[in-house]
Amino acid sequence: MNIQTVIKTLFKSVALPTLMLGTLASPAVAAVEQASAPANMVVYIAPAQYEHPIKLWHFYYSYWFEQGPVAEVVAEDVFGSEYGHVAMCTSNEAGNTLVWLKPSMFYNPHMTTYYGTVTASVYSGSGKPLGTFVGESQKNGFLDVATNDQIKATYKLAMQDLAAKMNANPAFQQLVKQGIPDTETRSPCTMVTMLPSTK
């Protein structure tokens, strides 16, 4: 039997199409499994952060921007690389941990310095408070030169500081890796504003 005959026989049989279908479908199945699995972290940012801009003040000009969109992009970048599957709270997502982010930005025109602060109230996926962590940063830069990039870089430094402080909490680390026990019910991320305050 020559090689061409063997290949024709394989194509006519069920074995090769099944093998090809399994090879093509396995990445899709993995993507569906990851999408259906709870995120390691669900991040909530208040709607006001997207709707109400803040003002960075300078002597001759000012810069207005909404903190929510910038904080969201930076959180997905920093937390995604740190914790894996991270989702933003858009409706009723649930995850192993719930994080309520509160960004804050200030510009000192005398020192030409951006000051960024990101406060995170962290809860287990079932809503038990784990703690409040604060990431801070400062970055030198002019308010009229690449302002969006300066703001993003300042928030990124603050978010990295925040992630380092959260990583020091063993209970948080365990929840990110293992999730909540099967005996507990997951809280939807939109409920984070009604959960008890963290210390």
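The values are calculated or read from the model by the stated rules, or taken from the named source; none is laboratory data. In this text the structure is predicted, and so the values were computed from the model without any measurement. Every residue, glycine among them, receives a Cβ derived from its backbone with ideal geometry; neighbour counts consider all protein chains shown.
Applying a threshold of 6 Å to beta carbon distances and a minimum spacing of six or more residues, or different chains, the list of pairs starting in the range 108-123 at a residue that is at pLDDT 95 or above and ending at one that is assigned to a strand (DSSP E or B) and among the hydroxyl-bearing types (Ser, Thr, Tyr) reads Tyr114/Tyr107; Gly116/Ser137; Thr117/Ser104; Ser121/Thr132.
The set of residues from the range 75-97 being in a loop (DSSP other than H, G, I, E, B) and either without any contact (Cβ under 8 Å) to a residue 24 or more places away in the chain or touching a strand residue (DSSP E or B) at 6+ places or on another chain (Cβ under 6 Å) (or both) comprises His85, Cys89, Thr90, Glu93. Could you please find all residues in the range 140-168 being under 15 Å from Leu130 (Cβ atoms) and either in contact (Cβ under 8 Å) with a residue 40 or more places away in the chain or touching a Pro at 6+ places or on another chain (Cβ under 6 Å) (or both)? Scanning the range 140-168 gives Leu162, Ala163, Met166, Asn167. Looking across the range 98-130 at every residue that is small (Gly, Ala, Ser) and not in a loop (DSSP other than H, G, I, E, B), the one that is surrounded by the fewest Cβ atoms within 10 Å (Cβ to Cβ) is identified as Ser104. Going residue by residue through the range 111-124, is there one that turns out to be among the small types (Gly, Ala, Ser) and either under 30 Å from Tyr60 (Cα atoms) or in contact with an Asp or Glu (Cβ under 8 Å, 6 or more places away or on another chain) (or both)? Yes, the conditions are met somewhere in the range 111-124. Select from the range 131-164 the residues that are assigned to a helix (DSSP H, G or I) and of a type in the set (S, T, N, Q) and write down the one among them that is nearest to Leu98 (Cα to Cα). Looking at the filtered set, the residue picked out is Gln160.
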